[in-house]
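Okay, structure first, notes after.
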Amino acid sequence: MSSAHDTKGTVRPESRNNTASNSIPVSDSVDAAARRAFGSTTQYLQAELEASGSDLGLLEKLNDASITKYEGLSRQAQDMLVHAYKIKQTYNEMTLQIAQVDSLVKSVDTLEHVAQELD
């Protein structure tokens with residue numbers, strides 16, 4: 001066993017590092033590993049942010065396309081309402097004329113009937 005260990009293999013108190021009083025330099029390999037880890041994490045987070053940004057850009061384009069589509073559908077629906085109103089007006093005008101035609105047909109039928117009786 002080394003001189004820092006007693007016969008039972010435990011570390012003697014005088015051999016332990018006192019981190020409060022001693023400044024232990026970080027080894028180069030630990031420092032490099034930490035830098036690589038933080039670098040990888042940074043790259044990962046940047047890639048996630050770019051992906052999220054791309055997703056948001058795509059959603060914006062989809063929303064714009066939806067707005068354009070629904071604006072077109074809204075215009076078509078408004079045009080259809082205008083045409084339906086015009087058709088209803090025409091129908092209302094025609095019902096009055098049809099009623100007049102029906103009245104004339106009855107009068108003509110009555111006149112024909114009277115003419116046949118006179119013959």
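If you take every residue apart from residue 29 with its C-beta less than 13 Å away from the C-beta of residue 29, what net charge results, scoring Lys and Arg +1 and Asp and Glu -1?
0
Report the FRET efficiency, 1/(1 + (r/R0)^6), for residue 68 and residue 90, where r is their Cβ-Cβ distance and R0 is 41 Å, rounded to 0.05.
0.80
Would you mind counting up the charge near residue 112? Only other residues with Cβ under 13 Å from its Cβ, with Lys and Arg at +1 and Asp and Glu at -1.
-2
Pop a pseudo-label 7 angstrom from the Cα along the beta-carbon direction at both residue 55 and residue 41 and give the gap in nm to one decimal.
2.2 nm
Summing Lys, Arg as +1 and Asp, Glu as -1, what charge do residues with Cβ under 13 Å from the Cβ of residue 81 carry, residue 81 excluded?
Neighbourhood net charge equals +2.
Put a dot 7 Å past each Cα toward the Cβ at residue 81 and residue 110; how far apart are the dots in nm?
4.6 nm
Measure off, as a whole percent, the carbon and sulfur share of the 1.4 Å-probe accessible area of the stretch 22-77, all protein chains present.
Working: 2920 of 4930 Å².
The C+S portion of the solvent-accessible surface of the stretch 22-77 is 59 percent.
The values are calculated or read from the model by the stated rules, or taken from the named source; none is laboratory data. In this text the structure is predicted, and so the values were computed from the model without any measurement. Cβ: placed from backbone, ideal geometry, glycine included. Neighbour counts: every protein chain shown. These accessible areas exclude ligands, DNA and RNA; they are computed on the full protein's heavy atoms, side chains included. Shrake-Rupley method; radii C 1.70, N 1.55, O 1.52, S 1.80 Å.
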